[in-house]
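Heads up, the thing below is written out as structure tokens.
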Amino acid sequence: MKPSGIEMSEVSVRFDTPDGAVHAVESVTEHVPDGSFVSVVGPSGCGKSTLLAVISGLQRPSSGAVAIGGKTVTGPDPSIGVVFQEDSTLPWRTVEDNVRFAMQCNGVGKGEQRSRAREAIELVGLAGFENAYPTTLSGGMRQRVALARTLAVEPEVVLMDEPFAALDQQTRIFLGAEVRRIWERTGQTVVFVTHDLSEAILLSQQVWVMSYRPGRILEVVGVDLPAQRDPAIVSSHEFNELHNRIWSVLQAESMRGFQQQEAARA
Amino acid sequence: MTLRLTERAETVARQPVSRRRWLGKGATSAVATAVLIVVLGLIFQACSALGLWSEADVPAPSTVLAEFGRLLGTGEFWGDLGRTALEVLLSIVFGCTLGLFAGVLFWKLPRVGRAFEPYLVSFYAVPLVLFYPVMIVLVGINASSVVILASVMAMIPMALNTTVGLNGIPPVYLKLARSVGAGPRRILFSIALPAAGPFVLAGLRMGVVYSLIGAIAMEFTTAQAGLGYRIRYLYETFESEQMFGYIFAVLVLSCVITLSLQGVERVLSTGGRR
């Protein structure tokens, strides 16, 4: 069988801090099937973002390994695209030049850059804003620019680290639906980190619940909802059942994390 | 200062083109600025005419202007101006280039930066002109000794500002650069320097000012030529009319340098596009 998707085996990440070692990620062995949409939820301060950084090649695991399509990740790679939580648009470049940036770094030809940039900008719904500067755009629009920049490189895997955390609720729901629509079109493998349960359920096929430190995957919940979803589904019985199930696991974990933080502070 | 720079860059971009008055906003304030200097000149002229001070101490603006006009026709003036302009220009180029390099180095090697920083910060406050006699002994009374010290004076604010700007880059820009596989050169020129741009420009601005002040002050103490030297010489020989003509020339030079710097800043901060 040809290896496919994202394969994590015994991935652990430890940081040395002045207060002792922190086990951000502990022995994570999971598989993200090729072309699937997986969300990772967990209490704040658990290793969600660290796990994502390891998959992206930005962070080396202390032990264990990640392989994408059978190839071990040793560092950043054009086949892995990342969308960050913070605003990562470059304010001195226009929308189109921002989208081109990642392609420029990967040696895509000039003419190709132009057509792919236009295509990606259109895909994220920013057509007409090619020559605008990010300072003139809203936070949600800037995240679309970042998304277009990632998509234009045509990566196999798209990693999103709480991309909508800084946005207001309406924009989040709207952009979430856009991400899902784009994923349905491109068929890329998506790992989406969030702390918003509803967002996770609404967008993905699987929700991974992560524990507070040391970060382990406590439960993998399959989202058995119709492929065509609209935000109204949040009021359905199935959605609520999933929500309650994930929340019951998460609640205990959040409480444990909260108590540990309090204890550390005392 | 840096804030103002970015704000200005934005206002330039956002100014609506369609609004039409008999003069644009920029032109109106330029006219107002010109009116101010004319009014100041008239006040001085009136005071001289009323005999508030003697023509021998402070000549009337009309006399100074006439003298300035006469100077423009003398070879000596152009010789002095050429010398000073060359010194200032070389100091700006050397000082700011070295400062930029040093700033980038201190950012790339934070340990080195932390070791040097206290010295740079305190050198800021040292009137470096004091080392001019040492420089004369080492290099001789010539343009080189002036250029060397003025370059050092320009380098310090440039290096400090560049370091501060580079250290203040949002970390996500560098994360982005790494994740898309940007090489070190691209990170420096496409991410780091543009992101630190407003600080680098502020450093450049101070570097230019320090070069000018340094060069003229050193000429003023000891030199064989240059505007600063000439002013000192005329002062000692009680030729106050000519001296004020030269002082006026220095003021004009400062304005020319500042205005051309603003032009350079505009091009740099917009990439020459807007």
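Just so it is clear, none of the values below were taken in a lab; they were calculated from the coordinates. Quantities reported herein were computed from a predicted structural model and do not represent experimental measurements. So basically every Cβ, Gly included, is an ideal-geometry build from the backbone, and we count neighbours across all protein chains shown.
Among the listed pairs A:Lys48/B:Lys175; A:Lys71/A:Lys110; A:Lys48/A:Lys110; A:Lys48/B:Lys108, which are separated by more than 27 Å between their Cα atoms?
Working: A:Lys48/B:Lys175 17 Å; A:Lys71/A:Lys110 29 Å; A:Lys48/A:Lys110 36 Å; A:Lys48/B:Lys108 30 Å.
The answer is A:Lys71/A:Lys110; A:Lys48/A:Lys110; A:Lys48/B:Lys108.
Kirkwood hydrodynamic radius of chain B from all distinct Cα pairs, in Å?
21.4 Å is the Kirkwood radius here.
In terms of the Cα gyration tensor, with a ≥ b ≥ c the square roots of its eigenvalues, is region A:1-105 rounded because a/c is under 1.5, prolate because a/b exceeds b/c, or oblate?
Numbers: a/c = 2.03, a/b = 1.27, b/c = 1.60.
Since a/c reaches 1.5 but b/c is at least a/b, the shape of region A:1-105 is classed as oblate.
Pop the C-beta distance of B:Ser29 and A:Lys110 into the FRET formula with R0 = 30 Å and round what comes out to the nearest 0.05. Before the final figure, lay out each step's value.
Values: r = 42 Å, r/R0 = 1.39.
So the FRET efficiency works out to roughly 0.10.
Over the protein assembly as shown, with a single point scatterer placed on each C-alpha, what log10 of the ratio I(q)/I(0) does the Debye formula yield at q = 0.05, 0.07, 0.12 1/Å?
Values, matching the q order: -0.34, -0.59, -1.14.
Give me the compactness ratio for region B:171-238, meaning the Cα radius of gyration over 2.2 N^0.38 Å. Walk me through the numbers on the way to the answer.
On the way: Rg = 21.9 Å, N = 68, 2.2 N^0.38 = 10.9 Å.
Region B:171-238 yields a ratio of 2.00.
Using every pair of alpha-carbon atoms in region B:133-248, split the distances into 5 Å bins beginning at 0 and state the percent of pairs per bin, rounded to integers.
2, 11, 15, 13, 11, 11, 9, 8, 7, 5, 4, 2, 1, 0
Looking at chain B as a GNM with Cα springs under 10 Å, which of B:Thr162, B:Thr258, B:Thr237 has the largest mean-square fluctuation?
Fluctuation is largest for B:Thr237.
Counting only helical runs of four or more DSSP H residues, what would the 222 nm mean residue ellipticity of chain A come to if each run contributes -39,500 (n - 2.57) and the total is spread over all its residues? Provide the component values of the computation, followed by the final result.
Working: 7 runs with 102 residues, N = 266.
It comes out at -12500 deg cm²/dmol, rounded to the nearest 500.
If you fit an axis through the alpha-carbon atoms of helix A:169-186 and take the longest principal axis of the Cα set of chain A, what angle between them do you get, 0 to 90°, nearest 10?
Helix A:169-186 and the main axis of chain A meet at about 70 degrees.
Tell me, what is the Rg over Rh of region A:163-266, with Rh the Kirkwood radius over Cα pairs?
Taking Rg over the Kirkwood Rh, I get 1.01.
Take each complete run of DSSP H in chain B, measure how far its Cα atoms stretch along the helix's own axis, and keep only those covering 27 Å or more with mean Kyte-Doolittle hydropathy at least -0.5; list them.
Values: long enough: B:25-50 (37 Å, 1.77); B:75-108 (49 Å, 1.05); B:143-167 (35 Å, 1.49); B:197-221 (36 Å, 1.35); B:240-270 (45 Å, 1.15).
Span-like helices in chain B: B:25-50, B:75-108, B:143-167, B:197-221, B:240-270.
Calculate for chain B the 222 nm mean residue ellipticity that helices alone would give, adding -39,500 (n - 2.57) per DSSP H run of length 4 or more and normalising by residue count, nearest 500 deg cm²/dmol. Spell out each step's value before the answer.
Working: 11 runs with 208 residues, N = 274.
So the helix-based figure for chain B works out to -26000 deg cm²/dmol.
On a 0 to 90 degree scale, rounded to 10, what angle separates helix A:139-152 from the longest Cα axis of chain A?
For A:139-152 against chain A, the angle is about 80 degrees.
Whole-Å semi-axes of region A:54-132's equivalent ellipsoid, largest first, each the root of 5 times a Cα gyration tensor eigenvalue? Please report the intermediate quantities before stating the final value.
On the way: eigenvalues 166, 42, 24 Å².
Computed over region A:54-132, the values are 29, 14, 11 Å.
What distance in nm separates the two pseudo spin-label positions at B:Leu105 and A:Ala67, each 7 Å out from Cα along the beta-carbon direction?
Placing both labels 7 Å along Cα→Cβ, they lie 4.7 nm apart.
Once fully extended, how much extra length lies between B:Val126 and B:Arg114, figured as 0.36 nm per residue of separation less the alpha-carbon to alpha-carbon distance? Mind showing how you got there, number by number?
On the way: separation 12, 0.36 × 12 = 4.32 nm, distance 1.95 nm.
Full extension of this stretch gives 2.4 nm more.
Could you work out the pair-distance distribution P(r) of region B:72-111 from its alpha-carbon pairs, with 10 angstrom bin width and percents rounded to whole numbers?
28, 28, 21, 14, 8, 2
Nearest-5 percent of antiparallel DSSP beta bridges in the protein assembly as shown? Write out the running numbers ahead of the final one.
Working: 21 of 39 bridges.
Looking only at bridges with both residues in the protein assembly as shown, the antiparallel portion is about 55 percent.
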